[in-house]
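Since the structure comes first, as structure tokens, the remarks are kept for the end.
A short reminder: the numbers here are calculations on the coordinates, not readings from a lab. Just so you know, these numbers come straight off a predicted model, no measurement behind them. When we count neighbours, we look across all protein chains shown, and the Cβ atoms used for this are built from the backbone with ideal geometry, even at glycine.
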Amino acid sequence: MKLEDITPGMLLAKDVSDPNGTPLIRAGAIITERHVRALKSWGIAEIAIQSDAPTPSALTRDSASVQELKTMLDIQFSLSNPDHPAVRALYEICLERALKHC
Amino acid sequence: MSAAEIQGTPILERIDDLPSLPSTYHHAREAMDDPNGSLETLAQIISTDPAMSARILRVANSALYGLPTRVDSVWRALSIIGVAETRSLILATAVISAFKDLPLGAVSMRSFWEHSVTCGVASRTIARRMHLSSPERFYLAGLLHDIGRLCLFILEPTTMSSALQAHRERQGPLHEIERQLFATDHAVVGAALLRHWGIPEPYCVAAETHHLSQDAEPTCTETALTHVADIIVNSLRIGTSGTRWVPLLNDSAWRMTELVTRDLPDIVETTISTARDVTSAFLEH
């Protein structure tokens, strides 16, 4: 998938490596905004993403707390319009921030 | 029957019961409107008010302006940030100081201003990305957008507690619950207070219309940016003006910001890092 279409929260399908083959980001990583900036600065234009769907990725890490956070966010966004791409992006940003702090 | 009717006097006729802006603000404004006025005169006026001088220096030295070196005189601060920014800085300082020491009950004053300042910073961040002229207009519009909530908390504390309770139980967006209880809402009340204070019209309009329904068209950029900034800040839950759940995003307002979803992480990051510093500059001693 092209870098400009990548949004934080997506799941990396294959390792991203530098020209010498040293892995920079491992497959399975959840893409963060920092990754996207780093990829840009490395001149990488395209990466493999596992699925376009909102990531079930982090579930494997600590499924109970992720599920709990999602339930809280679902309630927080329940009076909004989560089908709007911008609202969905904000939801993902909030989830990512919450995961960083837990 | 609405609570306001029970009390006898509609909220909008009780605007006079609310705090007025400090006299330094009015003197400063006259000096700024005077075509022969100078920055020296303005700095002198502000210097007669030690609390405002100290506040202006703190904010001028905060991340909001990102000055290369610390300034320690009001005159230097004003000459560096310029007349347009000075105008908005004096107004922001005056409004916050007018309300700072009042008890609110349900929502803390700090939390309220944290929400408002962050909303202003988000709005300004978007304006900068759009390369709009004088982005401080958008900071001010964001800062003032929820001021009507303060009026409601102060004038109708008991009814507002019930409104917050109903909102917590997700009976609806807070501004709709306000309409049921008061036959008006914080947006209308806020705009009335700003007009009463003689604040320029675009800020009154932004406060009045920042809750855009799905099919509404924003009438000005201030409204559109304030609306989007409010959604961002309510998502991030930085401070609160009482709203607990993220409001509806109006798509026309979103399109007016010219943002795409992948811009949001940067906007969020800049907003959070700037707002923290600006909030303490405005609120702490």
Item checked: 5 angstrom amide H check on residue A:11, placed H, neighbours 5+ away -> A:31, A:50, A:51
Notebook entry, point to check: Helices from chain B with mean Kyte-Doolittle at least 0.5 and a Cα length along the axis of 18 Å or more, per DSSP H: which?
Noted result: B:74-99, B:221-236, B:264-283
Checklist line | Qualifying lysines (Cα of each under 23 Å from Cα of residue A:40; at least 8 residues distant if same chain) | finding: A:2, A:14, A:100
Check: Which far-off residues, 5 or more places away or on another chain, put their amide H under 5 Å from the one on residue B:249, with H placed in the peptide plane?
Finding: A:81
Note to self: List the GluC sites (Glu not before Pro) within the range B:150-223 that DSSP assigns to loop and that have no more than 14 neighbouring Cβ atoms inside 10 Å.
What the structure shows: B:169
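Can you tell me the relative contact order of chain B? Whole percent, Cα pairs under 8 Å, sequence separation 6 or more.
Values: 407 pairs, mean separation 66.0, N = 285.
Once normalised by length, the contact order is 23 percent.
Can you figure out the FRET efficiency of residue A:68 with residue B:272, using R₀ = 22 Å and their beta-carbon distance, to the nearest 0.05?
Values: r = 23 Å, r/R0 = 1.05.
Once the sixth-power term is evaluated, E becomes 0.45.
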Margin query: Based on alpha-carbon centroids, what's the gap between the range A:1-40 and the range B:190-243 in Å, whole number please?
Written below: 38
Next item on the list: Under a cut-off of 19 Å between alpha-carbon atoms, report the aspartates and glutamates in cross-link reach of residue B:100, not counting same-chain residues fewer than 8 places apart.
Entry: B:16, B:17, B:49, B:114, B:146, B:156, B:277, B:284
Note to self: For residue A:70, give me every one of the aspartates and glutamates with a C-alpha distance below 14 angstrom, ignoring sequence neighbours fewer than eight places off in its own chain.
What the structure shows: A:62, A:92, A:96
Note to self: For chain A, take the longest principal axis of its alpha carbons; what is the angle in degrees between that and the long axis of helix A:59-76, to the nearest 10 within 0 to 90?
What the structure shows: 50
Next item on the list: Express in whole angstrom the spacing between the alpha-carbon centres of the range A:70-102 and the range B:17-60.
Entry: 42
